[in-house]
Amino acid sequence: MTILEIKNLHHTYDNENYALEDINLSINDGEIVSILGPSGCGKTTLLRVIAGLERQSKGTIKINEQIISNEKFMIPPEKRSIGLVVQDKALFPHLNVINNVIFGIQKNKEKYNLAKNYLDIFKVEELADKYPHEISGGEQQRVALARAMAPHPNILLLDEPFSALDQSLKSELHHETKKIFKEKGLTVVIVSHDKDEAKFLSDRLIYIEDGKISPQK
Ligand code: ADP
């Protein structure tokens, strides 16, 4: 079943050049898809438009067959049930680890236990009381993944979440996160410039070149 549907999506920042041009894309429930392409091709713009942090110039995005944005209408980012993890500096510096994870969970009596559970899944439960500056980069990314997943989003968007990590940490997290995503049946869209990473993590690869989806290489 299609969970995310993107139709005729265009985006321009300067009314002249298209950062995204006529993107058409359907992603199935539970699918892990990687978006690959050279720097500046539009990968981050696509994620930001899906998340609602950027408003597209043209085109429609649907989640579960409901329009979440088009030229006239847009549901704000916090109401889209989308989790977003970026490369680094993703955590709130003034909140400790557990409160960073609790922050994204809305109206739930079990907030604390839910947050603890996700820290546990990502093996950082012992860091619950630490502040972001007191933990390593790899640990911060684990907490960022826990925070993005804890509210049970429909879709998880990852923008190069592992690129600031060294190789051994990276492959450890690759294995763990893939297992967790598949166990939870999550729909995940990952932006990457690393083809090996993308191949390992995802069910499908999509290439973007100059703002357009290009045939597989
Ligand atoms: P990628 O993530 O693939 O590196 P981006 O989506 O960041 O690419 O950028 C796509 C194009 O849009 C680039 O030409 C970039 O310079 C431009 N761009 C990105 N963000 C902005 C912005 N906030 N304002 C103006 N141009 C931007």
_Computed FRET value (nearest 0.05) for GLU209 with GLN66, which takes r as the C-beta separation and R₀ as 25 Å_ = 0.25
*Mean separation of Cα pairs under 8 Å and 6+ residues apart, divided by the residue count of the chain: what relative contact order is that in percent?*
30 percent
*Distance in nm between pseudo-label sites at GLU183 and ASP129 (7 Å out along the Cβ direction from Cα)*: 2.7 nm
_Between the range 1-39 and the range 101-147, what is the separation of their alpha carbon centroids in Å?_
30 Å
*Could you pull out the pairs from LYS43/LYS195; LYS178/LYS199; LYS109/LYS179; LYS7/LYS212; LYS58/LYS212 whose alpha carbons sit more than 18 Å apart here?*
LYS109/LYS179
*asked:* Placing +1 on the Cβ of each Lys and Arg and -1 on the Cβ of each Asp and Glu in the range 93-152, which of LEU119, ASN108, SER136 has its Cα farthest towards the positive end of the resulting dipole?
replied: ASN108
_Electrostatic dipole magnitude of the chain [Cβ: Lys, Arg +1; Asp, Glu -1; Cα centre; debye, to 20]_ = 580 debye
*Scan around VAL85 for amide H atoms under 5 Å from its own, H built in the peptide plane at 1.01 Å from N, and keep only partners 5 or more places away or cross-chain.*
LEU157, LEU158, ASP159
*Counting helices only, and only those DSSP H runs with n ≥ 4, report the 222 nm mean residue ellipticity of the chain as the sum of -39,500 (n - 2.57) divided by its residues, in deg cm²/dmol to the nearest 500.*
-9000 deg cm²/dmol
_Could you compute Rg(Cα) / (2.2 N^0.38 Å) for the chain, with N its residue count?_
1.00
*Can you give the translational diffusion coefficient of the range 93-152 in µm²/s, computed by Stokes-Einstein from the Kirkwood radius over Cα pairs at 4 °C and 1.567 mPa s?*
118 µm²/s
*For the modelled label position 7 Å from the Cα of THR12 along Cα-to-Cβ, which residues of the range 40-58 have backbone nitrogen atoms closer than 16 Å?*
55-58
*From the backbone phi of the range 41-46, what are the Karplus-calculated ³J(HN,Hα) couplings (6.51 cos²θ - 1.76 cosθ + 1.60, θ = phi - 60°) in whole Hz, Gly and Pro given as x?*
7, x, 4, 5, 4, 4
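FYI, it's all coordinate maths here, none of it is from the lab. Being a predicted model, the structure only gives us computed values, none of them experimental. All Cβ positions, even for glycine, are placed from backbone atoms using ideal geometry, and neighbour counts span all protein chains on display.
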